[in-house]
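Here's the structure, in structure tokens; my notes come after.
The values are calculated or read from the model by the stated rules, or taken from the named source; none is laboratory data. Being a predicted model, the structure only gives us computed values, none of them experimental. Counting neighbours? That spans all protein chains shown, and the Cβs are built from the backbone with ideal geometry, glycine included. Side chains included, ligands, DNA and RNA excluded: accessible areas come from the protein's heavy atoms. Shrake-Rupley method; radii C 1.70, N 1.55, O 1.52, S 1.80 Å.
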Amino acid sequence: MKKTAIQFGAGNIGRGFIGAVLSQAGYRLVFADVNQELLDRINQDGKYTVHVMDVQQSEIHINDVCAVNSNSEDVIKEIVGADIITTAVGVRILRFVAPAIAKGIVARKEAGVETPLNIVACENAVKATSQLKELVYALLDEPTAAWATEHVGFADCSVDRIVPPVRSENPIDVVVESFYEWNVEEKSFVGGAPHIEGMNLADNLLAYIERKLFTLNTGHAITAYLGQLKGYKTIDESIADPEIYATVKVAMQQSGEGLVRKFGFDHDAHFAYIEKIIKRFKNPYLKDDVTRVGREPLRKLSAGDRLILPMQTALSYGLPVDKLIVGVAAALKFNNPEDPQCEQMHQTIKEQGLQQAISTFTGMAADDAVVAQVVEAYNAL
């Protein structure tokens with residue numbers, strides 16, 4: 001009998017990355033989402049295709065899939081029999097996923113299910129699973145929380161795959177790049193870590209998380225922000241601009257110098273990793289929209305995210321950060337009328353003035369010398 005995996009979030013990343021890996025590993029795959037039209041199509045077809053668009057192109061056929069509404073009793077029933085739960089919903093949405101998982105844990109306990117359940121939040125954030133665990137435990141009474149400690153594992157992870165919103169003829173098919181990386185903290189699993197091809201069990205997970213977040217995500221975001229300022233629509237168009245390419249590459253190297261010192265990475269290997277990431281940005285088949293990559297700028301400007309933390313890490317070792325500062329300044333100019341955070345960001349800048357607004361967004365003191373440098377870079381863009 002197949003083991004069951006529940007993937008919260010049936011969007012492009014859920015289908016094209018995590019769900020696909022779990023399905024290929026032999027799991028019966030159940031998607032949980034609130035988009036009823038999407039759920040109906042998954043249930044109608046019971047399968048979809050992942051189109052790998054890169055120098056070498058291929059198709060991966062995902063079969064034996066179904067879907068349930070994440071606000072329904074059906075998802076609770078599925079959790080009772082599940083072996084692993086993953087998420088790809090965005091870190092802000094985890095609070096809406098937590099109640100269903102908490103109810104599922106209660107139902108497992110009441111049903112006497114003692115087989116291990118492991119949960120992995122596959123989000124672009126540091127320790128997203130730990131954040132989800134806190135949200136879930138806040139909804140459990142003390143006896144159930146104690147039971148969950150014995151029978152439910154929450155493993156943090158780092159995920160890396162570019163999955164752009166490319167429209168396919170079949171609306172549930174998805175386009176991805178060939179590269180992917182899924183690193184999961186081995187020690188946090190209950191009942192032993194599952195051996196899933198495509199999932200790397202890691203000891204020093206924080207190093208993997210920051211390596212990815214402050215290399216790929218840092219470079220990706222800065223490419224999007226600078227690209228939009230020059231009128232480009234996609235990441236590959238933006239990185240093809242020599243000026244943007246030069247700025248992004250040095251910004252990633254400045255972040256990298258801090259990471260090398262913090263985690264003891266091999267310098268040459270890490271800089272080769274940076275080159276590999278930039279090459280991925282150039283993939284002409286993905287057509288990744290700068291508005292998608294740059295969305296939610298306030299989250300990306302927060303103290304622990306992809307722009308400010310790598311800059312602060314580099315500064316802590318006395319390293320140069322001038323190109324990272326340019327990236328921060330470009331983020332402050334990002335404009336997408338359909339993004340509520342953009343409107344909030346520009347309104348705050350208007351009300352508070354740029355210097356104080358930067359402090360509000362990033363947590364840095366308004367009189368910090370770096371804030372003055374960001375203001376200077378902002379005015380120069």
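Laid out as a table, the results:
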| read-out | value |
| --- | --- |
| Whole-angstrom Cα spans of region 287-381 along principal axes, big to small | 38, 34, 25 |
| Cα gyration tensor, region 1-160 - rounded (a/c under 1.5), prolate or oblate | prolate |
| Order by protection proxy (mean Cβ within 10 Å, highest first), peptides 190-196, 233-239 | 233-239, 190-196 |
| Packing rank of 247-253, 375-381, where each peptide gets the mean count of other beta carbons within 10 Å, highest leading | 247-253, 375-381 |
| Area of Asp64 that stays accessible when all protein chains are in place (1.4 Å probe, Å², to 10) | 80 Å² |
| Theoretical gain in end-to-end length, Asn35 to Ile60 [0.36 nm per residue, Cα-Cα removed] | 6.6 nm |
| Computed FRET value (nearest 0.05) for Arg95 with Gln347, which takes r as the C-beta separation and R₀ as 35 Å | 0.90 |
| Rough spin-label spacing in nm, given labels placed 7 Å along Cα→Cβ, for Ser316 and Asn170 | 4.7 nm |
| Region 98-137 - Kirkwood radius from inverse mean 1/r over Cα pairs (Å) | 11.1 Å |
| Region 215-366 pair-distance distribution - Cα-Cα, 10 Å bins, rounded % | 12, 42, 34, 12, 1 |
| Inverse of mean 1/r across different Cα pairs in region 152-295, Kirkwood, Å | 16.5 Å |
| Between region 163-200 and region 290-360, the alpha-carbon center distance in angstrom | 29 Å |
| Accessible area (Å², 1.4 Å probe, nearest 10) - His51 | 40 Å² |
| More than 11 Å apart - percent of Cα-Cα pairs taken over region 232-276 | 67 percent |
| Relative packing of peptides 276-285, 82-91 - highest average C-beta neighbours within 10 Å first | 82-91, 276-285 |
| Descending principal axes extents, region 162-225, alpha-carbon based, whole Å | 41, 31, 17 |
| Cα extents of region 252-299 along the three principal axes, largest first (Å) | 34, 28, 13 |
| Ranked order, Asp40, Asp45 - accessible area, probe 1.4 Å, largest first | Asp40, Asp45 |
| Sites Glu110 and Glu197 - FRET efficiency at Förster radius 30 Å, r taken between beta-carbons, to 0.05 | 0.30 |
| Projected area averaged over orientations for region 37-127, convex hull of C-alpha atoms, nm² | 7.9 nm² |
| Selected from Arg92, Arg306, Arg41 as most flexible by GNM, with the chain as the system and alpha-carbon contacts under 10 Å | Arg92 |
| Gyration tensor (alpha-carbon) shape descriptor, region 104-176, a/c threshold 1.5 | prolate |
| Convex hull per residue volume in Å³, alpha carbons only, for the chain | 147 Å³ |
